[in-house]
1. Being within 26 Å of A:Gly98 (Cα to Cα), exposed (fewer than 14 other Cβ atoms within 10 Å of the Cβ) and out of contact with any helix residue (DSSP H, G or I) (no Cβ under 6 Å at 6 or more places or on another chain): is that true of B:Pro8 here?
2. Which ones in the stretch B:50-71 are over 22 Å from A:Phe89 (Cα atoms), within 10 Å of chain A (Cβ to nearest Cβ) and open to solvent by less than 40 Å² (accessible area, probe 1.4 Å)?
3. Quick check on my filter: what residues within the stretch A:18-34 are under 11 Å from A:Phe89 (Cα atoms) and within 11 Å of another protein chain (Cβ to nearest Cβ)?
4. Could we say that A:Gly83 is more than 21 Å from B:Gln41 (Cβ to Cβ) and either at pLDDT 95 or above or exposed (fewer than 14 other Cβ atoms within 10 Å of the Cβ) (or both) here?
5. Criterion first (open to solvent by 10 Å² or more (accessible area, probe 1.4 Å), within 13 Å of another protein chain (Cβ to nearest Cβ) and not basic (Lys, Arg)) does B:Gln37 satisfy it?
6. Looking at B:Gln80, is it of a type in the set (S, T, N, Q) and farther than 18 Å from B:Asp18 by Cα?
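The values are calculated or read from the model by the stated rules, or taken from the named source; none is laboratory data. Predicted, not measured: the structure shown is a model, and the values here were computed from it. Heads up, the Cβs are rebuilt from the backbone with ideal geometry, glycines too, and the neighbour counts pull from every protein chain shown. Heads up: the accessible areas ignore ligands, DNA and RNA and are worked out on the full protein's heavy atoms, side chains in. Shrake-Rupley method; radii C 1.70, N 1.55, O 1.52, S 1.80 Å.
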Amino acid sequence: GESVGLHLPTLSVQEGDNSIINCAYSNSASDYFIWYKQESGKGPQFIIDIRSNMDKRQGQRVTVLLNKTVKHLSLQIAATQPGDSAVYFCAENPTQGGSEKLVFGKGTKLTVNP
Amino acid sequence: GAGVSQSPRYKVAKRGQDVALRCDPISGHVSLFWYQQALGQGPEFLTYFQNEAQLDKSGLPSDRFFAERPEGSVSTLKIQRTQQEDSAVYLCASSLAQGWSTDTQYFGPGTRLTVL
């Protein structure tokens, strides 16, 4: 099933269910947002990104939603699989037109139960 | 194609030693980034280059940390007189940096530094 909640450190779902991972960002001027998946012992792996001129973007089994009014970002994973188990980070670029640095959130650990 | 590579993958140093961490970005990528990731935390920005120019070094925690990218390709992060609090995974990322907008950053596997 789904679970929502800002800054939720862990999320446990059943295989085949949809997952929703939430993230609050801090800077209203941020114009670029990105989700990464990180497995133990590996570097962050790009999932999907979105710019501030959009409110939704879809990829393969993943959707990112951006709500600029409340500064909220979410990642939806359809038909979650055991291979989706990992820590998921959202990140923002808070310096519009300036530095390309990313500021990362705290991460959510997703566990998919078979 | 080949992704971002980093070496060494693991480094153990005694407190006070100097270390050098290497990053090979994706071929053709203009921007290169260094991040530090403490255990159980998200990556934190250290510094980044566009070609050989270091455009932002606001995240470097002290003057013991130094990064260079002299030919606009390979980069080295050097930490002098290592301290125990420097123990972390050091991640390198690169991006194509097309035009003025932020571009997707692709990460390497990281170097795990342990300072004893």
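1. Against the criterion (within 26 Å of A:Gly98 (Cα to Cα), exposed (fewer than 14 other Cβ atoms within 10 Å of the Cβ) and out of contact with any helix residue (DSSP H, G or I) (no Cβ under 6 Å at 6 or more places or on another chain)), B:Pro8 does not qualify.
2. Across the stretch B:50-71, the qualifying residue is only B:Asp56.
3. Within the stretch A:18-34, A:Cys23, A:Phe33, A:Ile34 meet the criteria.
4. Spelling it out, A:Gly83 is indeed more than 21 Å from B:Gln41 (Cβ to Cβ) and either at pLDDT 95 or above or exposed (fewer than 14 other Cβ atoms within 10 Å of the Cβ) (or both).
5. yes
6. No: the conditions fail for B:Gln80.
Here's the yes/no breakdown for (1) within 30 Å of B:Leu55 (Cα to Cα); (2) open to solvent by 30 Å² or more (accessible area, probe 1.4 Å); (3) not β-branched (Val, Ile, Thr):
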{"position": "A:Asn18", "(1), (2), (3)": "no, yes, yes"}
{"position": "A:Met54", "(1), (2), (3)": "yes, yes, yes"}
{"position": "A:Ser74", "(1), (2), (3)": "no, no, yes"}
{"position": "A:Lys106", "(1), (2), (3)": "yes, yes, yes"}
